[in-house]
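Chemist: I am attaching a structure below and will ask some questions about it afterwards.
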Amino acid sequence: MKELKEIHRGKLFKVVHCEGALESLQKALTHVTPHKKQKSMLVGIVLMIERLAGGEQLSKDSFPPEGDLPKGSGKFHAFKRIPIRAYCWRSKKHPNTYFISHYIYKDFDKLKDKDIQKVHRNWKSKEE
């Protein structure tokens, strides 16, 4: 079975989970029902991360830009594996690296300010 790791290394990119990101995924998964769907949800998330790390293009539906990074540094994206989201960005400071800020269970459309702020805090800890 596919395994979620703190760091995924692919042919083109490294995908790194920020501190607390894996724990936020476990919390988000508790909302997925029935509980037997949690394992397939996790496998799907790992496959998306591996595809990104391998340099494969992800569709705009499954990897859309979600919000702005601080200081005009571009956009952050979301891995969309409905109903789970993972917010991430491509680093400018660390070559060929994506950072996953955190995961949420999302059963609503609007991006919440607290999620934007969390991405910004994680971005600042890695990029400044």
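Chemist: In the range 80-102, what count of residues is obtained for those that are β-branched (Val, Ile, Thr), surrounded by fewer than 20 Cβ atoms within 10 Å (Cβ to Cβ) and part of a strand (DSSP E or B)?
Modeler: Going through the range 80-102 one residue at a time, the tally reaches 1.
Chemist: Also, I was wondering about something else. Run down Lys36, Lys14 and say which single residue is on the phi < 0 side of the Ramachandran plot, without any contact (Cβ under 8 Å) to a residue 24 or more places away in the chain and either in contact with a His (Cβ under 8 Å, 6 or more places away or on another chain) or of a type in the set (D, E, K, R) (or both).
Modeler: Of the residues listed, the single one that is on the phi < 0 side of the Ramachandran plot, without any contact (Cβ under 8 Å) to a residue 24 or more places away in the chain and either in contact with a His (Cβ under 8 Å, 6 or more places away or on another chain) or of a type in the set (D, E, K, R) (or both) is Lys36.
Chemist: (1) out of contact with any Gly (no Cβ under 9 Å at 6 or more places or on another chain); (2) assigned to a loop (DSSP other than H, G, I, E, B); (3) surrounded by fewer than 18 Cβ atoms within 10 Å (Cβ to Cβ): which one isn't true of Gly55, the others all being true?
Modeler: (1)
Chemist: Okay, next question. So how many residues does the range 77-94 have that are farther than 12 Å from Lys126 by Cα and touching a Lys or Arg at 6+ places or on another chain (Cβ under 9 Å)?
Modeler: Residues that pass the stated criteria total 10.
Chemist: Scan Lys112, Lys93 and give me the residue that is out of contact with any Leu (no Cβ under 9 Å at 6 or more places or on another chain), within 16 Å of Lys27 (Cβ to Cβ) and among the basic types (Lys, Arg).
Modeler: Exactly one residue qualifies, and that residue is Lys112.
Chemist: Within the range 1-44, how many residues are farther than 22 Å from Pro95 by Cα, assigned to a loop (DSSP other than H, G, I, E, B) and basic (Lys, Arg)?
Modeler: Selection size over the range 1-44: 2.
Chemist: Could you list, in sequence order, the residues of the range 104-122 that are farther than 13 Å from Glu66 by Cβ, part of a helix (DSSP H, G or I) and touching a strand residue (DSSP E or B) at 6+ places or on another chain (Cβ under 9 Å)?
Modeler: Arg121, Asn122
Chemist: Going through the range 66-79 one residue at a time, which ones are part of a loop (DSSP other than H, G, I, E, B) and at positive phi?
Modeler: If the condition is that a residue be part of a loop (DSSP other than H, G, I, E, B) and at positive phi, then Gly74 is the only one that fits.
Chemist: Thr30 passes all but one of (1) touching a Lys or Arg at 6+ places or on another chain (Cβ under 7 Å); (2) among the polar types (S, T, N, Q); (3) at pLDDT below 95; which number fails?
Modeler: (1)
Here's the yes/no breakdown for (1) within 20 Å of Ile7 (Cβ to Cβ); (2) touching a helix residue (DSSP H, G or I) at 6+ places or on another chain (Cβ under 8 Å):
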| position | (1), (2) |
| --- | --- |
| His17 | yes, no |
| His35 | no, no |
| Glu50 | yes, no |
| Gly54 | yes, no |
| Gly67 | no, yes |
| Phe76 | yes, yes |
| Lys93 | yes, yes |
| Gln117 | no, no |
| Lys126 | yes, no |
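The values are calculated or read from the model by the stated rules, or taken from the named source; none is laboratory data. Note that this is a predicted model, so its numbers are computed, not measured. Reconstructed Cβ throughout: ideal geometry from the backbone, glycine too, with neighbour counts over all protein chains shown.
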